[in-house]
Structures are given as C-alpha cells and as structure tokens.
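J.: My questions all concern the structure below.
All of the numbers you see were taken from the coordinates with simple rules; none came from a lab. Only a predicted model underlies this, so the values are computations on that prediction, with no experimental measurement involved. Cβ placement follows ideal geometry from the backbone for every residue including glycine, while neighbour counts extend to all protein chains displayed.
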Amino acid sequence: MKIGLILPALILFFILSSPLLAAPPPSDEFTNQVLDLIKEKQYGEALNICDEALQEDYEDVAAYCLRAQVLKKMGELNRALEDCNSAIEIDDHCLVAYHTRGEIYHDLKDYDSAIADYTKAIEIDPEWSPPYVGRGTVHFKKGELDLAIHDYDKSIAIDPSYTPAKISRLFALLVKQIWWILGTIIFLIILIRTMSGRKA
C-alpha cells in the first residue's frame, strides 16, 4: 500500500518544487507583464518584450533575469545561462540572477554549481525562502536527505505558508523512512543468514 503512494507523492513533489512556483514576486509593471506571459506560456511575446527592454538599456538587469526565465521555459538553457551571467556581471549581488542560474544548473544536472548559486542567493538575502527549497531539492537528488530536510526547515521557518517547502520536506522524510526500513530489512536478512550458516 505504501509503495502505491510513492509515485503520486513524487509527482506532487516535483510539481510543487518547480522553478515557476519559486519565481520572485513581481516588483513593477514590466516584471508583472513578463511573468504573466510566462504563466500563460506566451514565451515568444515575453521574449520580444525583454529584447525591446534590452535594446533600450543593455544594462537592464531585470530584463536579463526575466529573459533568462523565458529562455529556460523554452528549453534554451545555454542562452538562459548567458543572460544570468550578464546580469551578474552588471550586478554581482543580483539575488534573482543567482537563483535563476541555480535553477538552470539544476536542469543541466550540474548540481555542485546549482548549490553554489543557491547558497550565494541565500547569502545575499537569508530571509528569502525559495533558494532554500532549490538547494534542498538538489541535495535531495544527490541523496543527501538530511541536508535537504535542513534546507526545507529553514525555508518553512522563514515562510510557514510556503507550500513547496512543506511538501518537499514531507516527501524527503517519507523517502528517508523508506530507506531506513529497507536498510533494517537488509540487515535482518544478513543477520538471519549468518546465524543460519553458523548453525549449519
């Protein structure tokens, strides 16, 4: 019965910990417009708006960050990475750029780089919840369950209403419990076989 719950729990975990849900809150009309288009999956129009903004001001950090999010959704991960790099070159304390680049490295399965960028985002603003979930998810995928749970706990402590953190934590605890049960079963099997061998 427990095994039958794992697949739906896994699906729910990855839906709720998706980068879109972790996107920073809109800060102005331009940001609002682009994020709304991303939610509506109108990536071409969102991309055009970002391009126009960068033509007017090639040092517009927000436009680079937003375009990186659009390109990421389009599967253009290398181009998205370049935009994050450009934003960081202009402002090396750009919280959103590090967070978005962490998401991209995550998708590229460069987990060490993802952890480094999420950690940098946390250093810039320790009171922003999403980077803890992002870093926790990377730890989870690396099998580092205790580190993952620790990050989820930090996220929940900052924002108790942040659903992705709560769901991610529950799932990590479930997996940790399953691993403990399997480990115990394997240990008992080995112990029983060893004792049986001695009696024989």
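J.: Give the order of T163, T119 when sorted by the count of other beta carbons within 10 angstrom, beginning with the fewest.
T.: Working: T163 11, T119 15.
Result, fewest neighbours first: T163, T119.
J.: Can you check how the C-alpha radius of gyration of region 85-200 compares to 2.2 N^0.38 Å, as a plain ratio? Show your work: numbers first, answer last.
T.: Working: Rg = 19.4 Å, N = 116, 2.2 N^0.38 = 13.4 Å.
Against the compact-globule rule of thumb, the ratio is 1.45.
J.: Please identify every one of the chymotrypsin sites (Phe, Trp or Tyr not before Pro) in region 46-111 that sits in a loop by DSSP and has no more than 15 other beta carbons within 10 Å of its own beta carbon. Don't skip to the answer; put the middle values down first.
T.: Numbers: sites: Y58, Y64, Y98, Y105, Y111; in loops: Y58.
Here the sparse-neighbourhood loop sites are Y58.
J.: Using Cα-Cα distances under 8 Å and only pairs 6 or more residues apart, what relative contact order does region 78-200 have, in percent? Walk me through the numbers before you get to the answer.
T.: Values: 115 pairs, mean separation 18.3, N = 123.
Answer for region 78-200 is 15 percent.
J.: Mind scanning K142/K176; K109/K142; K41/K73; K39/K142 and naming the pairs with a C-alpha gap bigger than 20 Å?
T.: Numbers: K142/K176 13 Å; K109/K142 10 Å; K41/K73 8 Å; K39/K142 29 Å.
Pairs exceeding the cut-off: K39/K142.
J.: In addition: Excluding D91 itself, calculate the net charge of residues whose Cβ lies under 12 Å from the Cβ of D91, where each Lys or Arg counts +1 and each Asp or Glu counts -1.
T.: Numbers: positive: none; negative: E59, D60, E89, D92.
Around D91, the surrounding residues sum to -4.
J.: Filter the trypsin sites (Lys or Arg not before Pro) in region 56-165 down to the DSSP loop ones having no more than 16 other Cβ atoms within 10 Å, then list what survives. Please report the intermediate quantities before stating the final value.
T.: Working: sites: R67, K72, K73, R79, R101, K109, K120, R135, K141, K142, K154; in loops: K109, K142.
Sites meeting the loop and neighbour criteria: K109, K142.
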